[in-house]
Amino acid sequence: MIFTIVVQGAPHSQQSADSALRFAEAALAAGHQIHRVFFSGDGVHNGSDLATPQQDERHLPRGWQALVEKHQLDLVVCIAAAIRRGVMNDAEARRHDKAHGNLADGFNLSGLGQLAEAALVSDRVLTFGQ
Amino acid sequence: MSTKSFLIINRRPPYASNLAREALDSALTVAVFEQPVAILFLSDAVYQLLPDQQPAAIGQKSLAANLQVLPMYDIEQLYVSARALAERGLSTDQLAVPVTELDDDAVQTLIKQHDVVLNF
């Protein structure tokens, strides 16, 4: 089955952020496909390279990056939600006169159209809510 | 491009979080992709439908204007939970836009009828 996953929860604030990653790991391990993971709302914080949880805690950005390496997962961070929350790549940072970007490797900024497109080609869209 | 029917489910009040705005933005985006979109208001999301919202007092932009533009995007199927309205002492004639009231069974059927459900 082809899934699209929507993540609205921020790491450490909402368990849904962790549940989304665990679902993705389990679905891929079971042989399913994930067309795209779309991070919206507070979920954009999953893509912050500056996140530094304590060593004995789950590190969600790294968890997603591991799935990119192993399964070429497509991680899209909603650009409108991200830049207003201070998550952006270097190009956006320059455009907005910021000293540097902080989007973690493996994540890409794009728009809501990526969610609409993903829904059209997926068998199921699962929302991990805020 | 293939066609799928989309149902956007709102559960949250208008200004307590960004979810109401994200739901509207998602509905408009899907409509731009020329896919049929319906919107369902459950629980505290019925407050999104009240007229005379004045969010400028707390530095927020009004969602009511976005509701008014939905017909321009061919989004005309708006549904509201009758139970959610009744629990809050509201009726459809108090709402800012025309909506169809559904009982709990009809809400279930509505969700079943749609190919893609996006929750907010």
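Every number here is computed from the coordinates shown, using simple stated rules; none is lab data. For clarity, every value in this text was computed on a predicted model and none was experimentally measured. Note that we place each Cβ from the backbone using ideal geometry, even for glycine, and neighbour counts take in every protein chain shown.
Averaged over its residues, how many other protein chain Cβ atoms are within 10 Å of peptide A:80-88's Cβ atoms?
For peptide A:80-88, the averaged partner shielding equals 1.
For the protein assembly as shown, with only Lys/Arg (+1) and Asp/Glu (-1) charged at the beta-carbon, what is the dipole magnitude about the Cα centre, in debye rounded to 20?
Value, rounded to 20: 400 debye.
Given springs between every Cα pair under 10 Å in a Gaussian network model of chain B, which of B:81, B:91, B:62 has the largest fluctuation?
B:91
Any idea what the relative contact order of segment A:2-128 is, in percent, if you count C-alpha pairs under 8 Å spaced at least 6 apart?
Taking the mean separation of contacting Cα pairs over the length of segment A:2-128, I get 34 percent.
Where in segment A:1-29 is the amide nitrogen less than 18 Å from a point lying 7 Å along the Cα-to-Cβ axis of residue B:58?
none
With a Förster radius of 22 Å, plug the Cβ-Cβ distance of residue B:91 and residue B:43 into 1/(1 + (r/R0)^6) and report the FRET value to the nearest 0.05.
It comes out at approximately 0.85.
Residue by residue through B:107-118, how many Cβ atoms from other chains fall within 10 Å of the Cβ on average?
2
Counting only helical runs of four or more DSSP H residues, what would the 222 nm mean residue ellipticity of chain B come to if each run contributes -39,500 (n - 2.57) and the total is spread over all its residues?
Theoretical 222 nm ellipticity from helices: -8500 deg cm²/dmol.
What is the distance in Å between the Cα centroid of segment B:9-59 and that of segment A:91-130?
Here the two parts' Cα centres lie 21 Å apart.
Could you give the spread of the C-alpha atoms of chain A along their three principal axes, from largest to smallest, in whole angstroms?
Projected onto the principal axes, the Cα atoms of chain A cover 43, 37, 27 Å.
Counting Lys and Arg as +1 and Asp and Glu as -1, each charge on the Cβ, what is the dipole of segment B:6-119 about the Cα centre in debye, to the nearest 20?
That gives segment B:6-119 a dipole magnitude of about 360 debye.
For segment B:37-120, with the dipole built from +1 on Lys and Arg beta-carbon atoms and -1 on Asp and Glu ones, taken about the Cα centre, which of B:116, B:68, B:97 lies farthest toward the positive end?
Of the candidates, B:68 comes out farthest on the positive side.
Only counting other Cβ atoms within 10 Å, I'd like B:92, B:29 sorted with the fewest neighbours first.
The order, fewest Cβ neighbours first, is B:92, B:29.
Among A:1, A:88, which comes first, then next, by fewest other beta-carbon atoms within 10 Å?
The fewest-first ordering by Cβ neighbours comes to A:1, A:88.
Put a dot 7 Å past each Cα toward the Cβ at residue A:1 and residue A:108; how far apart are the dots in nm?
My value for the distance between the label points is 2.6 nm.
For the pair residue A:28 and residue B:106, how long in nm is the line joining their label points, each one 7 Å along Cα→Cβ?
About 4.4 nm, to one decimal.
Helix A:15-29 against the longest principal axis of chain A: what's the angle in degrees, Cα atoms only, rounded to the nearest 10?
50 degrees
Which whole-number percentage describes the relative contact order of chain B, with Cα contacts under 8 Å and a sequence gap of 6 or more?
Result for chain B is 36 percent.
With charges set only on the Cβ (+1 for Lys and Arg, -1 for Asp and Glu), what does the dipole of chain A come to about its Cα centre, in debye to the nearest 20?
Its charge dipole is roughly 180 debye.
Quick one: B:101, B:22, fewest Cβ neighbours within 10 Å first, how do they rank?
In increasing order of surrounding Cβ atoms, one gets B:101, B:22.
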